[in-house]
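What follows draws every value from the coordinates through simple rules; no lab data is involved. Here the structure is a predicted model, which means the values were calculated and not measured. Cβ coordinates were reconstructed from backbone atoms using ideal geometry, including for glycine residues, and neighbour counts include every protein chain displayed.
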Amino acid sequence: MNTPKLAKRLAANRGFTLVEMVITVAVLAILLAISFPSIYQFISNRDELREHTAQLEIRKAMEAYLADKGSLPSDTGNWAEDLAGYTNLSADDIANDVWGNPRMYVEGEDSTRNIQGTTVPVLYATVLSMGVNGEADKTYKEGATVKNVDGVAFSSAAGKTIFGGATSHDWWSYGTSAQVVDAFAALHAGGDDIFTRLTDYPQKLDAYNKTLDRLDRISKALETYGRNGYAETISANCGGATPPAACTDGTYDNRIYYPKAIASYSTGDSATYNNNTVIVDNRQSADTRRTQMKNLMRILGLPDEFCCSAISVDANGNPMPFYYFSNPRPRNAGSGCGARPSGTARKLPARLTTTNNADSASDATCG
Amino acid sequence: MQPLLFFVMFLMLMSAVGSYVYDNTSSSQQLTQERIAAMQEYFRNVESVVNNDITPTYWRGNPLGVSTPADYIHDTPQLRQLSPGTFSDSAADQWGSPIVGKIITSPLVIYNDATAGVQALAPVTGFLFISPGPDRTVQTDYSAVNSLSALQGVAAPSGSDDIVYTFTDEDAQRRTFNRMQAAVQRVGAAEQQYFEDGLNTYHKAKMAEYADQLDAGTAPTLASMMSVDDPHDPDYPKFADISKDADRKALGVDGDIGDLTKTLPTMATPGATSNAGGGSLKLTGIQSGPDYTLKIANSSSATPWSSNGGVAGTLYTLTVHAQGGY
């Protein structure tokens, strides 16, 4: 019944003419041509933003890894997989940038950094994306000036090596020699490259101060321990009407009241120490000494973690224990370190060090 | 049918564009939040480096005497290696804008002992760092800031996305002084102990001598013993001479004295225009005659610190009294 009506309407609808189609396509082409750069720029900006975001995520993962392990993933291993457990990014997303090209990761340690007279190893790392062009660019612009990317990264036997002329995919790298802090600071991403850098220097400063604080607290605890030991000895032995000679002839005064330890490897030296109780044996492995130092901390009423440096770790990533010398230096200095104190000679307070200042002929290592 | 088809296609196109825009807006907001947090973390790191390394090392927080954060970050080796974001310039914030602000140094009293008449003035440095934030425009007005207190009062205006961070190194200066003071006191305590040990030995020798004389029937009277002018007796104990290396070691304070007499390092940096370090401390030990006192003084010599009245001189003096006689 409706067929005639439909046929009538279809007959009336004659579609577009060729001219209409040409005009429409032309307008669309013009619009597309005008908007294409903006769309391209929009997508490019979006990708760049995603790369910045990804690198921030990677940096956070590196910080978390550092806090956990005390080191950074090796750049000779599978660094992306190492970091994958510390972020929501997959190993693949870490290894490759948003354009699908591999990111370059370089890490190294400057073992020569000096913080207030103490040598503290500092870690450095960079993650570089080669940007949209997929090439590690060798120049960058500073204002109108074009500068070379001089990634001075290490000192070799022949002098400093400049990586500005390096081929792409080999932008910069650390050598095995001592690194130059300024080189790291001067690193510059070229062209459209995007990079992030990380150092644990601020964390090392905190750890350095934490270590100083521990040594200070232990020093005070040892002093208290020594005073108490002396007071207890006098109280126990010298209270009668006729105190023994030891109370007045200096015997009790000259005793060591600090927790005793082997102070030297040398049998000859240690024999003069009345060291029948070994608290910390500095000859032993880090693991053994860590346990011994923890025992010492418990004797002194301090937390176990005070056993060790907050800066240094051993090969297994465990904190390196301090070295303890119950009687480090003779009262009377002779040549070099001077003669070891005899049983009745005055002793100086116990000493804690971060390196094993064992006996040697050298003045600097008087234990 | 055709209008319907076009309408559906239009809806699909719009939803795709909407999804795309939303996705980008969402990740952009997330990035902005992370960048703000990273900037604050960066500023905390700068504060840590200033207070834990630069000030204790150079005894001043601004060794180069620069006045802007950009110069400070660029010229200070300890800070150049830090980086707030993913831009090459170490003084660019997370959005690539330069960090601006002000650095002011002013002398403040960090130690005052009225009894001893010793006052230590240290060049306390205040830092104002401003990141323009996501809009890359600084809204915070800091042009009139010309004192430490004014600097510490700067805050971002309401509605601004500026990230403002201020701190001073006053506590770090004080900690540095306290460390020096503690070292002087350890030297003094060791000297006192050394003197008392010597006095014990001296007394024992005198008593033995007296006993021998008694045995020989030639003992002096008590009055004559009391009249002995001990300090002029060649055997009478003396303080250890802290100018001598062997005596420092005998006292166990060679490390402390090394710290107290060190020369402050010089900051090596490109573009340095002023004295960036140097200067040395001087430790003096003076034994002052018959009252058995020793004065140990640590003085300033071209260091940035000064004593009372802003004149370089004695920074800290410790007087050690030792008990003489029988």
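Can you pull the one-decimal nm distance between simple spin-label points at residue B:71 and residue B:280, each 7 Å off the Cα toward Cβ?
If labels sit at residue B:71 and residue B:280, their model points lie 3.1 nm apart.
Can you give the extra length, in nm with one decimal, that the chain gains between residue A:99 and residue A:43 once fully stretched, where that is 0.36 nm per residue apart less the Cα-Cα distance? Mind dumping the intermediate values first?
Numbers: separation 56, 0.36 × 56 = 20.16 nm, distance 1.16 nm.
Gain on stretching residue A:99 to residue A:43: 19.0 nm.
Within the set A:294/B:249; A:210/B:282; B:238/B:295; A:69/A:294; A:210/A:294, which residue pairs have Cα atoms separated by over 19 Å? Can you show the working numbers first?
Working: A:294/B:249 30 Å; A:210/B:282 29 Å; B:238/B:295 13 Å; A:69/A:294 21 Å; A:210/A:294 17 Å.
Table pairs above 19 Å Cα-Cα are A:294/B:249; A:210/B:282; A:69/A:294.
Using the Kirkwood radius built from alpha carbon pairs, what does the Stokes-Einstein equation give as D for segment A:30-132 at 4 °C and 1.567 mPa s, in µm² per second?
Working: Rh = 15.6 Å.
This corresponds to a translational diffusion coefficient of 83 µm²/s.
Just grab the label-to-label distance for residue A:291 and residue B:174, each label 7 Å out from Cα along the Cβ direction, in nm (one decimal).
4.5 nm
Give the long-range amide H neighbours of residue B:93: residues separated by 5 or more places, or on another chain, with amide H under 5 Å away, using H modelled in the peptide plane at 1.01 Å from N.
Correct list: B:99.
How long is the gain from residue A:20 to residue A:7 if the chain were fully straight, where each residue apart is worth 0.36 nm and the alpha carbon distance is subtracted? Can you show the working numbers first?
Working: separation 13, 0.36 × 13 = 4.68 nm, distance 2.42 nm.
Extending this stretch completely gives an extra 2.3 nm.
Taking the Cβ-Cβ separation of residue A:135 and residue A:219 as r and a Förster radius of 60 Å, what is the calculated FRET efficiency to the nearest 0.05? Don't jump to the answer; show the numbers that get you there.
Values: r = 57 Å, r/R0 = 0.95.
For R0 = 60 Å, the calculated efficiency reads 0.55.
For segment B:51-153, what does the relative contact order come out to in percent, with C-alpha contacts under 8 Å and a separation of six or more?
Details: 156 pairs, mean separation 23.3, N = 103.
Relative contact order of segment B:51-153: 23 percent.
Which distance in nm do the two modelled labels at residue B:241 and residue A:305 give, with both placed 7 Å along the Cα-to-Cβ direction?
Result: 4.9 nm between the two label points.
So if I take the alpha carbon set of segment B:2-168, get Rg, then get Rh from the Kirkwood formula, what is the Rg over Rh ratio?
On the way: Rg = 23.0 Å, Rh = 18.6 Å.
Rg/Rh: 1.24.
So between residue A:230 and residue A:284, what do we pick up on full extension, going 0.36 nm a residue minus the alpha carbon distance? Kindly include the intermediate steps, with their values, before the conclusion.
Working: separation 54, 0.36 × 54 = 19.44 nm, distance 2.99 nm.
16.4 nm is the gain from fully extending residue A:230 to residue A:284.
Compute the FRET efficiency between residue B:9 and residue A:92 as 1/(1 + (r/R0)^6), taking r as their Cβ-Cβ distance and R0 = 41 Å, and round to the nearest 0.05.
So the FRET efficiency works out to roughly 0.70.
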